[in-house]
1. Using the count of nearby Cβ atoms within 10 Å as a rough guide to exposure, how do R7, R528, R489 rank from fewest to most?
2. Please compute the modelled spin-label separation between E148 and E166, points set 7 Å along Cα→Cβ, answer in nm with one decimal.
3. Rounded if a/c is under 1.5, else prolate if a/b beats b/c, else oblate: with a ≥ b ≥ c from the C-alpha gyration tensor eigenvalues square-rooted, which is segment 53-267?
4. For segment 280-326, state which chymotrypsin sites (Phe, Trp or Tyr not before Pro) are in a DSSP loop and have at most 14 other beta carbons lying within 10 Å of their beta carbon.
5. Enumerate the calculated ³J(HN,Hα) couplings along segment 287-301 in order (Karplus 6.51 cos²θ - 1.76 cosθ + 1.60, θ = phi - 60°), each rounded to whole Hz, writing x wherever the residue is Gly or Pro.
6. So, counting K/R as plus one and D/E as minus one, what does the shell of residues with Cβ under 11 Å around R444 add up to?
7. Among all lysine pairs in segment 420-556 that are eight or more places apart or on different chains, how many have alpha carbons less than 23 angstrom apart?
8. DSSP loop chymotrypsin sites (Phe, Trp or Tyr not before Pro) in segment 414-501 with at most 12 other Cβ atoms within 10 Å of their Cβ, which ones?
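Taken together, the values in this text are just the output of simple stated rules run on the coordinates, not laboratory data. Nothing here was measured: the structure is a model prediction, and the numbers come from that model. Neighbour counts are summed over all protein chains in view; Cβ atoms, including those assigned to glycine, are modelled from backbone coordinates with ideal geometry.
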Amino acid sequence: MFYTIQRNMIMSLWKVFASKLFNKMILLYSILTLLPLILVISVFYYKSSAILETNITDSKKQSLVEMVDKIDGYLREVALQAAQIQKDDLIATALRVDYATNEENRESFSSRGSRVNERLSELILRSEFIDAIYLVNANQEVYYADKEYKFESNLALEAMAREKPETFVWAPFNDHNRLVGAKEIIHEPTGKRIGLLIVMLNPERVAMTYSTYGSQEFFITNISGLILSNSDQQLTGTRLRHPDTKNTVVLERVSAYSDFRFISLFSKANFNQEMNSLAFFALLITAATWLLVLILTIILLRRVTTPIARLSRLMGKAQKEVYEKIDNIKTIDEVGRLCVSFNHLITDIQNLIEKVYKVELLNKEAELKMIKAQINPHILYNTLESVNIMAKELGSTAIPDMIRLLAAIFRFSISPGSDLIPLKNELQFVLYYLQLAKYRYKERLTWTIDVSDELQQVIVPKLILQPLVENAIIHGIDQIEEQGNIKIRVYLYEYDLIVEIQDNGAGLKLSSKDHQSSGIGLNNVKQRIQLLYGKRYGLSIEPAADCGTIVRLRLPINIMKGEES
């Protein structure tokens with residue numbers, strides 16, 4: 001209910017607004033001004049956004065490449081330090097001795113452990129990134145340099161190192177939130193595995209290499225998305241969530257030295273802020289431009305719409321038969337010429353008013369003549385009814401029937417209404433005519449009518465078939481001695497109505513004079529059909545197969561509605 005009231009109010013306000021040409025012209029000029037400005041600003045905004053986004057993205061990509069190269073350099077440096085640790089004399093000697101010593105004799109390991117651990121601690125101090133070093137001998141005994149023993153991935157690291165025995169391998173997982181790598185130590189003369197070197201990096205030192213990024217902007221992950229390093233230690237070891245690409249740009253690069261993935265994320269809002277400021281400035285320019293154009297439009301439209309408004313008021317008075325002319329016409333453009341034409345029209349109307357009374361008198365005289373012309377047919381129709389009554393009183397049977405048929409034909413001819421009637425009515429009129437003609441020709445005249453029930457509702461021009469039947473009788477049946485037959489057949493052909501009237505008379509021997517003598521005439525029937533429906537329709541005449549003539553009518557299919565019928 002509320003929606004209906006609101007809609008009606010809006011429609012009422014719009015009708016009041018749209019009732020004046022000035023308001024519609026202001027609206028039109030505003031639309032024509034705003035649309036190009038909005039289009040230009042929109043294209044500028046989106047193009048600039050795309051360019052800015054591309055430039056920032058390229059800059060971020062370049063920064064990511066530089067950062068990845070930097071971290072790869074650090075990883076490569078750690079791998080070189082691990083190779084130096086492997087070649088240390090004390091460490092190499094300890095591993096060889098452990099490999100050759102019986103597993104039950106542990107005294108040698110205990111005595112060497114403190115010295116090896118001290119050497120490992122000394123090597124850690126030489127590196128900026130190494131946080132812990134573990135050295136596993138052939139007997140699975142561990143030398144280590146760490147603040148506290150935090151090591152649990154030796155089996156996985158051992159399996160990885162065996163796959164690439166000549167390479168320092170970085171693990172795709174963390175060990176106590178630390179990046180970890182390992183390398184097998186091989187006794188070169190024998191080629192035997194005598195130990196496993198494990199190096200763990202300090203997570204804070206690694207995070208310092210990408211400190212320019214925030215905790216949600218840079219991640220070091222493995223191939224499956226497990227976070228191996230981040231400035232927020234709580235995120236390390238968790239799965240990286242897939243970011244919303246609509247609001248976030250995701251840049252990714254794979255390390256050339258390890259299987260690490262370096263992922264950089266940055267929000268599009270950073271460069272959208274600059275574009276929003278630019279868009280706001282563009283909107284201010286658009287509003288100012290539109291306001292200026294609006295003021296100029298109002299000034300110019302006043303000069304155009306004022307004479308049109310005066311013309312509209314005077315035309316309203318003219319509808320109330322108050323005729324006034326426009327004065328002080330100052331323009332010579334289309335509006336000025338329109339005002340001059342209106343003044344001429346007012347002058348012509350005033351002159352015609354003086355003549356209208358004469359026209360009314362002539363119309364009254366024409367109406368009287370029409371009434372008189374209608375009196376005679378009604379007198380003839382009433383006279384036929386009187387003769388019919390008298391013939392019945394005298395005992396005659398044929399004369400009343402003939403008068404009845406003639407009266408029905410006459411009633412059908414002068415009946416008011418449309419010039420288009422159902423085919424059923426037209427065939428009934430033809431039947432009256434045939435029954436009347438049979439009183440003259442008696443047994444010499446027979447007929448058949450072949451038409452389906454559904455085609456009887458097709459509308460046809462009134463009195464279109466009777467002239468053709470009359471022509472078939474006079475110029476066909478009347479010219480032979482034997483029995484005559486008229487066949488009326490109605491059917492559909494190529495979505496048109498076809499009416500055939502065939503006789504078995506003397507055949508085609510008609511002249512133009514004969515055409516004019518047969519009622520309305522064949523030519524008149526053809527012209528009447530073509531005037532109503534066009535050149536496609538009409539009638540054709542051709543000889544019948546055995547004898548006689550076929551007149552074929554072609555009409556469009558039109559079904560009369562119930563009210564019209």
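1. Details: R7 10, R528 18, R489 15.
By the 10 Å Cβ count, ascending, the order reads R7, R489, R528.
2. 4.2
3. Values: a/c = 2.56, a/b = 2.47, b/c = 1.04.
Prolate.
4. Values: sites: F280, F281, W290, Y323; in loops: Y323.
Here the chymotrypsin sites (Phe, Trp or Tyr not before Pro) that fit, given the DSSP loop and packing criteria, are Y323.
5. 4, 5, 5, 5, 5, 5, 5, 4, 5, 5, 5, 4, 4, 6, 5
6. Working: positive: K438, R440, K442; negative: E443, D478, E481, E482.
Net local charge, R444 excluded: -1.
7. 15
8. Counting only loop positions with at most 12 other Cβ atoms within 10 Å, the chymotrypsin sites (Phe, Trp or Tyr not before Pro) in segment 414-501 are Y495.
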